[in-house]
Structures are given as structure tokens and as C-alpha cells.
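Derivation of every value follows stated rules applied to the coordinates shown; laboratory data play no part. As the structure is a prediction and not an experimental result, all values here were calculated from the model. With ideal geometry, Cβ positions are generated from the backbone for all residues, glycine too; neighbour counts draw on all protein chains shown.
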Amino acid sequence: MGCVMMSREYFIGLARETLFAPRSAAGRILALNLPSQGLWMALVLMTILNAIVYSATIHLSPTSDPTALAMVPPVFLSPLLFSVALGGALVLTVFALTWVGRAMGGLGTLVDVLALITWLQVLRLALQLAVTVLMLIAPFFGGLLVMVAAVWGLVILVAFIDRAHGFGNLVKAAGVLIVVVVGIVIGLSLILGVLGAAVF
């Protein structure tokens with residue numbers, strides 16, 4: 001099974017299925033029955049890599065200048081601080097999606113949600129790399145890609161929540177996401193506040 005996961009064809013096929021048939025893709029991921037320890041390690045790795053690429057994107061952006069960078073919160077300019085903030089938000093997301101989903105009648109386990117969120121972070125890294133390149137050669141299209149990905153990413157996440165908890169109801173899955181987002185925004189605000197204060 002590990003070899004299957006490592007193959008380029010499998011990755012591309014699963015990524016394509018995630019984009020166009022997210023609920024089916026979620027089923028394939030869950031069927032792998034990946035161990036929780038390996039998933040947590042993968043999530044940490046993806047968090048660190050995403051933070052590095054995101055920070056690099058800000059510094060390499062053609063529109064960046066000292067004045068503009070000075071307006072960006074310090075946590076977004078430091079890969080270390082950003083990885084801590086992102087990692088904290090992701091862990092909260094995994095637990096919150098599990099707990100809220102089960103409270104609303106879902107059947108998903110923590111490992112199920114963890115597997116799906118980890119896979120989304122893999123795709124996020126690929127997207128961030130593409131955005132970094134586009135920002136250097138065609139900033140407009142880079143910005144457009146970010147907006148399209150943000151919207152479609154929500155659609156995929158709702159489908160993943162629905163499949164993980166076995167709702168068979170996208171509206172109910174969207175309700176879980178809304179409740180979780182409100183809680184995460186509050187939690188992330190506290191984390192960013194502490195990290196921002198630490199910088200100064």
C-alpha cells in the first residue's frame with residue numbers, strides 16, 4: 001500500500017479525483033486505513049513545508065516592498081512562527097471537525113478526519129508552489145488562482161466532512177464547518193495574539 005501511495009500516477013489521479021469528485025476521493029483515502037502516528041508526522045511535515053513556501057512567496061512577490069512588508073503581521077513573515085500558528089490551527093481543526101461532526105450525528109473518527117485534512121495539506125503545498133511561480137511570472141494569474149482555490153477548497157472540504165461522517169447531506173456537513181470555523185477563528189486569534197506579543 002505504501003508503494004501505491006508513493007507512485008506519481010496514484011498521486012496525480014487522487015489529486016484529480018479530489019478536484020472533480022471529492023467525496024469519492026475521500027472514500028479512497030479513508031480506505032487506506034493509514035496509521036494515526038504516520039498521519040500526525042505527515043501533518044507536521046506539511047505544516048512546516050507550507051509555512052516555508054508561504055513565507056518565501058511573500059518575500060519573493062514582485063509587489064513586495066519594505067513599506068508593504070512592514071504592514072504584514074510578523075507571524076506571516078517568519079516560517080517558524082507561521083508553522084506554529086498553522087500547526088495549531090490544523091490540530092484544532094482536526095479535533096473540532098471530529099467532535100462537532102459526531103455531536104451532530106456523524107460517525108467519523110479522529111483518524112478519518114486527520115487523514116483527510118493531511119491530504120488537503122499536501123494539495124495545499126502543491127498549490128502554494130504553483131502560486132509562488134505564478135506570482136513571479138504572472139502576478140495577476142497567481143492572485144486569480146488563489147481566489148479560485150479558496151472557493152473550491154471550501155467545496156472540497158465540505159464534501160470531505162460529509163464523507164468522513166457519513167452524513168449523506170452536504171448542508172449538514174456545511175453546518176459542521178461553519179460551527180468549527182467560528183471556533184477556530186477565535187482560537188487562532190488568541191494564538192496569533194500571543195505569538196505577535198512574543199515578537200515585540
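Within the shell defined by Cβ-Cβ distances under 11 Å, the residues around Ala173 carry a net charge of +2, with Lys and Arg each +1 and Asp and Glu each -1. The modelled label-to-label distance between Phe140 and Leu80, using points 7 Å beyond Cα along the C-beta direction, is 4.1 nm. Packing, taken as the mean count of other beta carbons within 10 Å per residue, orders the peptides 174-183, 134-143, 97-106, 157-166 from highest to lowest as 157-166, 97-106, 174-183, 134-143. Neighbours of Asp112, meaning other residues whose beta-carbon lies under 14 angstrom from its beta-carbon, give a summed charge of +3 when Lys and Arg score +1 and Asp and Glu score -1.
Summing +1 for each Lys or Arg and -1 for each Asp or Glu among the other residues whose beta-carbon sits under 14 angstrom from that of Glu9 gives +2.
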